[in-house]
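Enquirer: Sharing a structure with you now.
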Amino acid sequence: MRNEGLIQRYRKFMPVSQDTRIITLNEGSTPLIPAPSLSAAIHPKIEIWLKYEGLNPTGSFKDRGMTMAITKAVEEGYEAVACASTGNTSASAAAFAARAGIRCAVLIPEGKIALGKLSQAMIHGARVVQIRGNFDDALRLVRKVCERYPIALVNSVNPYRIEGQKSGAFEIIDDFDGIAPDFQAMPVGNAGNITAYWKGYKEYKAAGNNPNLPRMLGFQAAGSAPIVLGHPVDKPQTFATAIRIGNPASWKSAEEARDESGGLIGMVTDRQIKDAYKMLAATEGVFCEPASAAGIAGLKKLSENGYFDNFEPEFGDKLRVVSILTGHGLKDPDSAISAAEEPKTVDAEEDAILEAIGIEATATV
Ligand code: F0G
């Protein structure tokens, strides 16, 4: 069947009516890819699957929430939307606003957003404002402006964003023929996504689709780990710029997801994130952006600490773990180039090429 976008696919779980004009880019229905190399490298008892959200139309999971938020903004008569963003939300908001034919303004922290994301917001025609401050400053400001003017706020504090994003959980259960995974691992920034997935798992269970629920495992970057530390971080730092957030808006609901599911929210260093980022690309052929690799980094850390030794699979013979790869690697080419080996430059001659590739000039095939 043709993919008509996630609102259509999961219509009875979405706040729309017969008359709602749906604004969609055919988002959702992203692949769930098995990761045998990573599973073997991380723990013999676990089976890791990658939910590759980078294959959404604007290259990140934000499109799930944005189709819903922009659909409702248009239905409610708004002619403009706005958001604060570390990059992906702005790219998605700009694209869906363009599709709806309404205006969009985005506030981003100056110099701290990946090139691909900035280029998206610009080409879709959003009014892009870089502020001398971080994401938390930008969110505070945009909330104020949207309260005062007829502009819909499309950050994940907008409840429609959560409604759309919960569809990721539905897809995972559908792909596993009606069983939720034992664990779900994911990065945590502003904490909307962990909130949305948990809501999705619970709603789908209540509707009789899955008998079980996963333990939610969220990971923050060590330099931006307010939930782990138990207090806001004034000057959040991390090379995973998407999750460089010191005071998450959905802090409380992230803690609820953690506690109700019997999971945890932990932190991983930039070094651990970078290693996982490279491992995903080099051993599974899956290219995600740095923040997205925090889930895999976290699984590796938990495994080393003996965490998985305490659990037995309820269904099947391995513990099933889904890691949400929230954004595509091409969003942030600078990070990839700086994390990988530089290309060699040689003369346009056979011998030089063979030497550069590492083949003996005398060897025959
Ligand atoms: N991964 C990526 C690639 C993201 O862009 C974000 C958030 C997250 C993970 C964390 O998700 O905030 O729901 O906990 N990006 C937001 C943005 C903040 O503005 O694009 P979260």
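Quick note: the coordinates plus some simple rules give every number you see, no bench work behind them. Since the model is a prediction, treat every value here as computed from it, not as a measurement. Cβ: placed from backbone, ideal geometry, glycine included. Neighbour counts: every protein chain shown.
Enquirer: For the stretch 99-169, what is the relative contact order in percent, using Cα pairs closer than 8 Å and at least 6 residues apart in sequence?
Expert: So the answer I get is 28 percent.
Enquirer: Most exposed first by the Cβ proxy, i.e. fewest other Cβ within 10 Å, how do Met66, Met1, Met14 rank?
Expert: Met1, Met14, Met66
Enquirer: Just how large is the dipole of the stretch 77-146 about the Cα centre, in debye to the nearest 20, putting +1 at every Lys and Arg Cβ and -1 at every Asp and Glu Cβ? List each step's numbers first, then the result.
Expert: Working: 9 positive and 4 negative charges, 9 e Å.
Dipole of the stretch 77-146, to the nearest 20 debye: 40 debye.
Enquirer: Determine which aspartates and glutamates satisfy two conditions relative to Lys199: a Cα distance under 14 Å, and not lying fewer than 8 residues away in the same chain.
Expert: Glu163, Glu171, Glu255, Glu256, Asp259, Glu260
Enquirer: Another question, then. Using the per-residue mean of other Cβ atoms lying within 10 Å as a proxy for protection, in what order, highest first, do the peptides 173-179, 149-155, 308-314 fall?
Expert: 149-155, 173-179, 308-314
Enquirer: Over the chain, what is the percentage of antiparallel beta bridges among all DSSP beta bridges, to the nearest 5? Walk me through the numbers on the way to the answer.
Expert: Working: 5 of 37 bridges.
Bridges in the chain that DSSP calls antiparallel: roughly 15 percent.
Enquirer: Okay, moving on. Counting only C-alpha contacts under 8 Å and six or more residues apart, can you give the relative contact order of the chain as a whole percent?
Expert: Answer for the chain is 19 percent.
Enquirer: Convex hull over the alpha-carbon atoms of the chain: what's its volume per residue in Å³?
Expert: Cα-based convex hull of the chain, divided per residue, equals 169 Å³.
Enquirer: Using only the Cα atoms of the stretch 115-225, each taken as one equal point scatterer with no solvent, compute I(q) by the Debye sum, divide by I(0), and report log10 of the ratio at q = 0.14, 0.15, 0.23 Å⁻¹.
Expert: -0.75, -0.83, -1.24
Enquirer: Order of 180-186, 75-81, 142-148 by packing, highest average Cβ count within 10 Å first?
Expert: Highest mean packing first, the order is 180-186, 75-81, 142-148.
Enquirer: Let me ask something additional. Put +1 on the Cβ of every Lys and Arg and -1 on every Asp and Glu Cβ in the chain; which of Gly295, Ser335, Gly223 then has its Cα farthest towards the positive end of the dipole?
Expert: Farthest towards the positive pole: Gly223.
Enquirer: Is there a pair in Lys45/Lys301; Lys205/Lys301; Lys112/Lys235; Lys235/Lys274 whose C-alpha atoms are over 24 Å apart, and which pairs would that be?
Expert: The pairs that break the limit, which is 24 Å between Cα atoms, are Lys205/Lys301.
Enquirer: Listed highest first by mean packing, meaning other Cβ atoms within 10 Å per residue, what order do 29-39, 241-251 come in?
Expert: Per-residue mean Cβ counts within 10 Å order the peptides as 241-251, 29-39.
Enquirer: In deg cm²/dmol and to the nearest 500, what is the mean residue ellipticity at 222 nm of the chain if only DSSP H runs of at least 4 residues count, each as -39500 (n - 2.57), divided by the residue total?
Expert: For the chain, the value works out to -12000 deg cm²/dmol.
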